[in-house]
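Have a look at the structure below before the remarks.
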Amino acid sequence: MTLDNIILLIPLLPLLSFLLLGLAGKHISVRFSGVIGSVLLGAALVLSLVTAYDYFFSIGKQGSEFVPYLTAQLNWLPFNTDLSINLGLVLDPISVMMLLVVTFVSTMVHIYSLGYMKGEERFTTYYSYLGLFTFSMLGLVLSTNIFQMYIFWELVGVSSYLLIGFYFSRPSAVAAAKKAFIVTRFADLGFLIGILMLGHGAHSFDFFTLIERLSTPGSSYLATMTGASFLGMSTLTWALILVFIGGAGKSAMFPLHIWLPDAMEGPTPVSALIHAATMVVAGVYLVARLFPIFAVGAPDALTVVGYVGAFTALFAATIACTQTDIKKVLAYSTISQIGFMLFALGVAGWGPGKTEGFTAGLFHLFTHASFKALLFLGAGAIIHAVHSNEMKDMGGLRKSMPITHITFLLAALAISGIPPFAGFFSKEAIFSAAEQSNPLIYWVGLIAGTLTAFYIFRLYFMIFWHKTPDAHAHNHEKGEWAMMIPMMLLAVGAVFGGFIPFGDFVSATGKPLELPIELSHIILPVGLGVLSIVAAAVLYRKESDVPQRIVNTLGGFYRAAYRKFYVDEIYLFITKKIVFNLMGRPAAWFDRNVVDGTVQKTGSLTIALSNAIKRVQSGKLQAYTMYFFGGVLLMVVLLLYKFA
């Protein structure tokens with residue numbers, strides 16, 4: 001089998017899973033449908049490993065540099081001689097890295113779901129949706145042009161809607177699915193406008209053509225888009241900010257983050273899939289894909305990315321410290337960690353010594369996939385045992401759930417940036433890049449990183465150590481090896497993933513980039529992380545009234561953080577009081593009275609006119625005779641008047 005065929009098969013295998021289980025699922029036994037989905041995704045993972053090896057060690061390497069490899073090219077919609085929408089698949093360092101991440105995490109989720117979703121009424125449908133979701137994400141990362149990416153971008157939105165609302169009999173799940181779909185649709189409108197602006201300015205939708213024309217100094221296309229301005233910013237800057245709005249919606253950046261915590265209404269394995277390696281990192285991947293244009297053509301847009309990412313990282317970490325639902329804590333953790341990735345891209349630049357943030361941000365995406373998926377799958381095992389999401393119903397589970405305990409602890413150490421776990425290497429690279437480029441973002445990130453260690457170990461100690469009167473012991477690990485094996489494999493990634501020389505494979509320029517770890521740079525972040533873990537242990541390892549006293553001391557700030565700083569309430573106020581009252585009601589009145597009224601009046605006038613003239617053709621001979629003589633009489637009168 002040629003490499004071109006292998007590349008094409010990778011997204012087609014999950015598509016086959018979707019079609020096979022979706023169309024013929026009724027004729028396949030429930031348990032076997034999960035096996036079919038898992039085997040097909042496992043095959044996609046194997047093919048992704050083969051593809052990665054071939055690309056990084058053979059076809060993609062020219063000297064010391066990695067170059068794109070294009071296949072399955074198709075001229076789809078030509079508009080004119082200069083502009084067309086083409087379809088195709090591309091391999092380059094970031095798309096190959098995403099292939100590995102998406103297929104690995106998706107395969108783990110497929111296998112885990114064999115145990116977690118056992119007995120569900122719509123088991124086959126669930127696996128069908130997983131296949132569609134994975135196909136959509138693989139199509140997104142392999143796209144050769146931005147319009148093709150947009151097609152799969154929307155398909156990811158549809159499939160996430162189906163998965164979040166999987167338990168459609170629950171009103172909360174239906175509301176969460178609608179919320180995710182609507183919020184991301186508004187963001188995607190910005191993305192679409194940005195795509196059209198880029199396509200119009202560069203006369204192409206192809207990624208590499210866009211990059212060549214809009215990031216090459218002296219290019220006429222670049223000069224045109226940077227020469228025109230609006231409100232003090234160039235057309236290119238506005239276009240990239242609009243594109244980033246789409247990415248911010250999909251990656252749940254402030255203020256478009258409100259859909260992600262509610263998305264926890266879906267099955268917990270779905271949360272792992274959405275949060276760890278697929279939907280929420282699409283925005284990071286989008287900025288990374290267009291990074292040369294951001295860095296060279298519109299550095300102001302890249303600055304916006306950096307500050308939005310830094311603020312979101314701190315904002316979400318603060319909220320995570322107050323939540324009591326285990327999945328809500330992890331949801332806000334995801335929002336915060338995506339913020340780390342984006343502000344790493346935001347502090348990067350173009351040129352020697354300036355691109356470290358690019359590699360660091362994607363390195364964190366890579367390591368985050370393992371430990372965040374592991375945290376969610378561990379949460380799923382806990383919920384599976386305790387039958388509750390609330391931490392007050394847990395406590396003391398380390399003895400009854402030893403595998404979950406150890407794997408969860410490893411993931412918690414990794415996300416906290418404690419050496420030598422995976423998150424340490426990627427986070428230190430981010431801090432190093434931020435410290436050199438933007439001290440404000442560095443300190444914001446440092447505070448967010450400190451809070452990360454605190455809230456994740458608050459979660460850990462309240463689940464596995466702290467024991468309240470409401471908590472009770474459970475043991476559900478025996479026999480659920482379909483759930484345990486993926487957790488153990490992800491734990492390997494959480495422990496050893498940081499030792500991969502990531503910079504040798506992924507960089508902004510395609511050339512190897514070393515990510516140095518210097519002692520002077522790691523003392524403060526690691527020290528603060530350790531202090532946060534100690535503080536969490538003191539407060540939450542055993543039952544105590546100290547946390548409540550601290551809550552009382554913080555007063556209004558704690559209540560605001562617990563209520564997520566009332567962002568949802570602000571959205572509701574804007575939509576109900578402003579949009580509905582000031583825009584919706586006038587629009588409804590205009591529609592009802594002007595549009596509908598005009599149509600109804602037209603109909604009424606037509607009926608009245610019909611009633612008035614229908615007697616002219618009554619079918620009565622005497623009436624026609626009267627009309628005839630009346631006409632003759634009228635003509636005689638007119639003639640007499642004329643000749644008088």
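Bear in mind that the values in this text are calculations on the coordinates, not laboratory data. Just so you know, these numbers come straight off a predicted model, no measurement behind them. Cβ sites come from the backbone with ideal geometry, for glycine too, and all protein chains shown count toward neighbours.
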Under the 7 Å Cα-to-Cβ spin-label approximation, V46 and L582 lie apart by a distance in nanometres of 6.1 nm
Roughly what angle does helix 621-643 make with the longest principal axis of the chain, taking Cα atoms, 0 to 90 degrees, to the nearest 10? 70 degrees
Could you please report the charge total around V183, scoring K, R as +1 and D, E as -1 over all other residues with beta-carbon less than 12 angstrom from its beta-carbon? +1
Straight-line reach from K564: which lysines fall under 26 Å, measuring Cα to Cα and dropping same-chain residues less than 8 apart? K178, K179, K250, K327, K328, K372, K392, K427, K576, K577
Along Cα→Cβ, 7 Å out, is where each label goes; now give me the distance between the ones at T598 and I151 in nm to one decimal. 3.8 nm
Quote the FRET efficiency, to the nearest 0.05, computed for V530 versus V158 with a Förster distance R0 of 35 Å and r equal to the Cβ-Cβ distance. 0.20
Output ³J(HN,Hα) for the range 154-167: one whole-Hz value per residue in order, computed from phi by the Karplus curve 6.51 cos²θ - 1.76 cosθ + 1.60 with θ = phi - 60°, and x for Gly and Pro. 6, 5, 4, x, 5, 5, 5, 4, 5, 6, 4, x, 4, 7
Grab the beta carbon distance between T606 and Q436, set R0 = 60 Å, and tell me the FRET efficiency rounded to 0.05. 0.20
Just subtract the alpha-carbon distance of E65 and K642 from 0.36 nm times their residue separation and send over the number in nm, one decimal. 197.5 nm
How far apart, in nm, are the 7 Å Cα→Cβ label points at H387 and I182? 3.4 nm
What full-extension length gain, to one decimal in nm, is calculated for F628 and L77 as 0.36 nm per residue of separation minus the Cα-Cα distance? 191.7 nm
Note, ³J(HN,Hα) from phi for the range 100-108, Karplus 6.51, -1.76, 1.60, rounded to Hz, x at Gly and Pro: 5, 5, 5, 5, 5, 5, 5, 4, 4
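Tell me the relative contact order for the range 3-562 as a rounded percent, counting alpha carbon contacts under 8 Å between residues six or more apart.
Dividing the mean separation by the residue count of the range 3-562 yields 13 percent.
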For a Förster distance of 60 Å, can you work out the FRET efficiency between the beta-carbons of F590 and L519, rounded to the nearest 0.05? 0.30
Sequence order, the range 262-267: Karplus ³J(HN,Hα) from phi using 6.51 cos²θ - 1.76 cosθ + 1.60, θ = phi - 60°, Hz rounded, Gly and Pro as x, gives 5, 5, 5, 5, x, x
5 Å is the cut-off here: which amide hydrogens, built 1.01 Å from N in the peptide plane, fall below it relative to I85, excluding neighbours closer than 5 in sequence? W76, L77, F79
How far is helix 439-464 tilted, in degrees, relative to the longest principal axis of the Cα atoms in the chain, given as a value from 0 to 90 rounded to the nearest 10? 80 degrees
Any idea what angle helix 326-346 forms with the longest principal axis of the chain, computed on alpha-carbon atoms, 0 to 90 degrees, nearest 10? 90 degrees
Stretchable slack from V492 to L189, in nm (0.36 nm times residue separation minus alpha-carbon distance): 105.1 nm
